[in-house]
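Only one structure is covered here, and it is reproduced in the block below.
The values are calculated or read from the model by the stated rules, or taken from the named source; none is laboratory data. Remember, predicted model here, so these are calculated numbers, not experimental data. Here the Cβ positions follow ideal geometry from the backbone for every residue, glycine too, while neighbour counts run over all protein chains shown. Just the protein is used for accessible areas: all its heavy atoms, side chains included, with ligands, DNA and RNA removed. Shrake-Rupley method; radii C 1.70, N 1.55, O 1.52, S 1.80 Å.
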Amino acid sequence: MKVSKSPWLMHYDGSSCNGCDIEVLACLTPVYDVERFGVMNTGNPKHADIFLITGGINAQNAPVVKQLYSQMPNPKVVVAVGVCACNGGIFKECYNILGGVDTVLPVDIYVPGCAARPEAIIDGVVRAVALLDEKKKALSQEQVSSKEA
Amino acid sequence: MSVRSVVPFGPQHPVLPEPIHLDLVLEDEKVIEAIPSIGFVHRGLEKLVEKKDFQEYVYVAERICGICSFMHGMGYCSAVENIMDVVVPPRANYLRTIWCEMSRIHSHLLWLGLLADAFGFESLFMQSWRMREKILDMFEMSTGGRVIFSVNKVGGVRKDMDKEMLREFLKVFDDIEQELKVLTKTFLEDYAVNSRLRDVGVLTKQQAHELGAVGPFMRSSGIALDNRKLGYAAYPELDFEPITSDVGDCYARCDVRIREIFQSIDLIRQAAAKIPEGELAAAVKGFPQGEHFMRVEQPRGEAIYYVKANGTKFLDRVRVRTPTFANLPGMLETLKGCQLADVPILILTIDPCISCTER
């Protein structure tokens, strides 16, 4: 697969139990080390291409997640990491869980697991990179056609 | 005339793996007050006892926090076992102790890495996390999971470690001990680390006592209290003393946690030498009736599990008080009067676990 740029990712802990969070961090540190592919973790949404969210959505963090998403430049990809981020998981029946990330954001890639394994997260990120390239192409075509018109 | 301003810190911040929001009231660069607002990770899992029966709830209890998942599961199981008068077989107790201490090592290594990251020592962060992966590999070998294990059940444990596996693990711990000694030298003697940690955020013994601090945060202020001395699991049969320091600054907290890793390795060696043969779990019959108050020592400090049962398969109430909740007043105290640049380090030195605190 040819990647046109190094994707930077931003990670936000929705309302997860930390399990998936530390696995996301484990991806970035030795043994798994996605930084060798140019994937960098950034805390700034304005620098990020890929948005990794762990954990479900509750009333308190829904506006935070939406705001972070809106601050990211286009094109962007949202990856829901772990079963809680996919549909609420074991906490689905809790009174304060609205559901998975897709209740507030358009999710592109779902990574299953409780906790999601680093291999699965890396797989999700790799798919996100491919999708990012596609979205980029579509975006530039859109811009060209709007100029011509 | 100094200028007063309010700087929002979090919920999303590069140094925080988890969301907490602080409004920092600053006078120039000095923090006058820190006002926390929490609730970003609140799920309401204590109420799930009404929907999951007491056996199933072990899985929920484990997911209170992914870092000390084993101890959460164990704390809940021990509380229910006490209510039901179930005697856990000695081998299960020893296995629980070994897994507990492995959790402690992995949590402390994780914390050391995050601390190094907070003051910008990237390579130290990577080294700590590289060592942590060895512990996770051992967890995976013995339980099948890396962070969530599900090996606890009411009455005992589900998986066993055979002699061969224990011998392998002890070899790995020898390696970890050697590597940790090298890492300790950097953490405790490096000039840059010293200049960031020494005399920062001092919490006196008196303050620690009054604000009800727990765990390494309290022990680094000179109070020698360790819940493992209460004698749950196989701890009464092992020989150890609480590790303390009298200084109470960030350096002391780092020092105490590093020494606790060595202590945990020692405890695992003791447990591996003494582990008896036998059953893994006692039979559990009927439903619990009554209440119990269980205290365990987690990597971050004392965690309390209150369980009330009514004789049916659903419990009446489960209440968890987590160490970070007890340490927050102490943390806010140390934040007063510190420099803005020290805020991330001060927040990290209590080893905050927000998902435990808010559940």
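Pairing residues of segment A:9-28 that are without any contact (Cβ under 8 Å) to a residue 40 or more places away in the chain and more than 7 Å from chain B (Cβ to nearest Cβ) with residues that are open to solvent by 10 Å² or more (accessible area, probe 1.4 Å) and not in a helix (DSSP H, G or I), at Cβ distances under 7 Å and at least 6 apart in sequence or on separate chains, gives A:Leu28/A:Asn41. Within the option set B:Arg91, B:Arg96, being farther than 23 Å from B:Arg300 by Cβ, assigned to a helix (DSSP H, G or I) and away from chain A (no Cβ under 14 Å) holds for one residue only, B:Arg91.
Suppose the filter is surrounded by fewer than 24 Cβ atoms within 10 Å (Cβ to Cβ), more than 18 Å from the chain's Cα centre (by Cα) and modelled with pLDDT of 85 or more; does B:Pro89 pass it? Spell out the reasoning first.
Numbers: surrounded by fewer than 24 Cβ atoms within 10 Å (Cβ to Cβ): yes; more than 18 Å from the chain's Cα centre (by Cα): yes; modelled with pLDDT of 85 or more: yes.
Yes, satisfied.
The set of residues in segment B:50-76 being of a type outside the set (Gly, Ala, Ser), assigned to a helix (DSSP H, G or I) and at pLDDT 85 or above consists of B:Tyr57, B:Val58, B:Tyr59, B:Val60, B:Glu62, B:Phe70, B:Met71, B:His72, B:Met74, B:Tyr76.
I'd like the full set of residues that are small (Gly, Ala, Ser) and under 13 Å from the mean Cα position of the chain (by Cα), limited to segment A:57-90. Spell out how you get there, then give the answer.
Of all residues in segment A:57-90, those small (Gly, Ala, Ser) come to A:59, A:62, A:70, A:80, A:82, A:85, A:88-89.
The answer is A:Ala80, A:Gly82, A:Ala85.
Of the listed requirements (1) open to solvent by 40 Å² or more (accessible area, probe 1.4 Å); (2) assigned to a helix (DSSP H, G or I); (3) in contact (Cβ under 8 Å) with a residue 12 or more places away in the chain, B:Gln206 misses just one: (3).
B:Glu164: part of a helix (DSSP H, G or I), touching a helix residue (DSSP H, G or I) at 6+ places or on another chain (Cβ under 8 Å), closer than 23 Å to B:Ala273 by Cα and not hydrophobic (A, V, I, L, M, F, W, C), yes or no? First the steps, then the outcome.
Numbers: part of a helix (DSSP H, G or I): yes; touching a helix residue (DSSP H, G or I) at 6+ places or on another chain (Cβ under 8 Å): no; closer than 23 Å to B:Ala273 by Cα: yes; not hydrophobic (A, V, I, L, M, F, W, C): yes.
Here the answer is no, as B:Glu164 does not meet what is asked.
Please verify whether A:Leu139 is assigned to a helix (DSSP H, G or I), touching a residue at least 12 places away in the same chain (Cβ under 8 Å) and either away from every other protein chain (no Cβ under 14 Å) or surrounded by fewer than 20 Cβ atoms within 10 Å (Cβ to Cβ) (or both), treating the condition exactly as stated. In short, yes.
Considering segment B:138-148, and only residues there that are open to solvent by 20 Å² or more (accessible area, probe 1.4 Å) and within 12 Å of chain A (Cβ to nearest Cβ), the residue that is farthest from B:Val172 (Cα to Cα) turns out to be B:Gly144. Applying the condition of being of a type in the set (S, T, N, Q) and surrounded by fewer than 18 Cβ atoms within 10 Å (Cβ to Cβ) to segment B:1-39 and asking which residue is nearest to A:Tyr12 (Cα to Cα) yields B:Ser37. Considering each of B:Ser69, B:Ser37 in turn, give the residue that is within 14 Å of chain A (Cβ to nearest Cβ) and in contact with a His (Cβ under 8 Å, 6 or more places away or on another chain). Exactly one of B:Ser69, B:Ser37 is within 14 Å of chain A (Cβ to nearest Cβ) and in contact with a His (Cβ under 8 Å, 6 or more places away or on another chain), namely B:Ser37. Taking segment A:84-116 only, how many residues are touching a strand residue (DSSP E or B) at 6+ places or on another chain (Cβ under 9 Å), closer than 19 Å to A:Leu25 by Cβ and facing chain B (nearest Cβ under 7 Å)? Here the count works out to 1. Looking at the structure I just gave you, is B:Asp239 within 22 Å of the chain's Cα centre (by Cα), surrounded by fewer than 16 Cβ atoms within 10 Å (Cβ to Cβ) and in contact (Cβ under 8 Å) with a residue 12 or more places away in the chain? Yes. Here B:Glu164 meets the list (1) more than 14 Å from chain A (Cβ to nearest Cβ); (2) buried (at least 21 other Cβ atoms within 10 Å of the Cβ) almost entirely, failing just condition (2). Out of segment B:40-49, which residues are open to solvent by 10 Å² or more (accessible area, probe 1.4 Å), within 8 Å of another protein chain (Cβ to nearest Cβ) and part of a helix (DSSP H, G or I)? Scanning segment B:40-49 gives a single hit, B:Lys47. Restricting the search to strands (runs of 3 or more DSSP E) fully inside segment B:270-359 and requiring at least 1 residues that are under 20 Å from B:Glu260 (Cβ atoms) and of a type in the set (S, T, N, Q) gives B:289-298. The set of residues in segment A:87-120 that are among the hydrophobic types (A, V, I, L, M, F, W, C) and within 19 Å of B:Cys65 (Cβ to Cβ) comprises A:Ile90, A:Phe91, A:Cys94, A:Ile97, A:Cys114, A:Ala115, A:Ala116. One residue is enough: does segment B:101-109 have a residue meeting the conditions within 14 Å of chain A (Cβ to nearest Cβ), closer than 30 Å to A:Pro63 by Cα and touching a residue at least 24 places away in the same chain (Cβ under 8 Å)? For segment B:101-109, residues within 14 Å of chain A (Cβ to nearest Cβ), closer than 30 Å to A:Pro63 by Cα and touching a residue at least 24 places away in the same chain (Cβ under 8 Å): absent.
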